[in-house]
Amino acid sequence: MTKFMDVHHDMRGVTEKQLQEAHRADLAVEREEGVHFERAWADPSSGTVYCLSEGPSKEAVQRVHTRAGHPADEIHPVPLTVS
């Protein structure tokens, strides 16, 4: 499985509650696409939201987001990680 970082733009003013609801919507359908969403971050001032997931393809990640009602503007594979 590959990790993916996706980006959503134009979500200016997003609240913690709205971010949590969007994340829950992803979690509700992720299994059907073989994807797992690990975490989400938001910058309400810029309207940028980032999501970290693991899945078989960026298309699978996009299908989850689309079904959850918030398609990603960008999806990037993250093949290398250090801690």
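The values are calculated or read from the model by the stated rules, or taken from the named source; none is laboratory data. Everything quoted here is computed from the prediction, not taken from an experiment. Note that each Cβ is placed from the backbone with ideal geometry, even for glycine, and that neighbours are counted across all protein chains shown.
What do you reckon, is V49 in contact (Cβ under 8 Å) with a residue 12 or more places away in the chain, under 24 Å from R12 (Cβ atoms) and either touching a His at 6+ places or on another chain (Cβ under 8 Å) or polar (S, T, N, Q) (or both)?
Against the criterion (in contact (Cβ under 8 Å) with a residue 12 or more places away in the chain, under 24 Å from R12 (Cβ atoms) and either touching a His at 6+ places or on another chain (Cβ under 8 Å) or polar (S, T, N, Q) (or both)), V49 qualifies.
All but one of (1) within 10 Å of the chain's Cα centre (by Cα); (2) in a helix (DSSP H, G or I) hold for R39, so report the exception by its number.
R39 satisfies every listed condition except (2).
Within the stretch 12-32, work out how many residues are out of contact with any Pro (no Cβ under 8 Å at 6 or more places or on another chain) and assigned to a loop (DSSP other than H, G, I, E, B).
At the first step, the residues of the stretch 12-32 found to be out of contact with any Pro (no Cβ under 8 Å at 6 or more places or on another chain) are 16-32.
Remaining after also requiring assigned to a loop (DSSP other than H, G, I, E, B): none.
Going through the stretch 12-32 one residue at a time, the tally reaches 0.
Which members of the stretch 9-33 meet the condition of being among the small types (G, A, S) and surrounded by 15 or more Cβ atoms within 10 Å (Cβ to Cβ)?
The answer is A22, A25.
Consider only pairs whose beta carbons are under 8 Å apart and that are at least six residues apart or on different chains; among these, list those whose first residue lies in the stretch 20-37 and is under 19 Å from S57 (Cα atoms) and touching a residue at least 40 places away in the same chain (Cβ under 8 Å) and whose second residue is β-branched (V, I, T) and assigned to a helix (DSSP H, G or I).
Close Cβ pairs satisfying both conditions: D26/V64.
Scan the stretch 42-73 for residues that are surrounded by 14 or more Cβ atoms within 10 Å (Cβ to Cβ), more than 9 Å from the chain's Cα centre (by Cα) and part of a strand (DSSP E or B) and jot them down.
Correct list: A42, T48, E54, G55.
Within the group S45, S83, which residue is among the polar types (S, T, N, Q) and modelled with pLDDT of 95 or more?
S45
Looking only at the stretch 8-18, decide whether some residue is closer than 13 Å to A60 by Cα and either touching a strand residue (DSSP E or B) at 6+ places or on another chain (Cβ under 9 Å) or at pLDDT 95 or above (or both).
No, the stretch 8-18 contains no residue that is closer than 13 Å to A60 by Cα and either touching a strand residue (DSSP E or B) at 6+ places or on another chain (Cβ under 9 Å) or at pLDDT 95 or above (or both).
Assess whether H36 counts as being buried (at least 19 other Cβ atoms within 10 Å of the Cβ), closer than 11 Å to F4 by Cβ and either of a type outside the set (V, I, T) or in contact with a Pro (Cβ under 6 Å, 6 or more places away or on another chain) (or both).
It is false that H36 is buried (at least 19 other Cβ atoms within 10 Å of the Cβ), closer than 11 Å to F4 by Cβ and either of a type outside the set (V, I, T) or in contact with a Pro (Cβ under 6 Å, 6 or more places away or on another chain) (or both).
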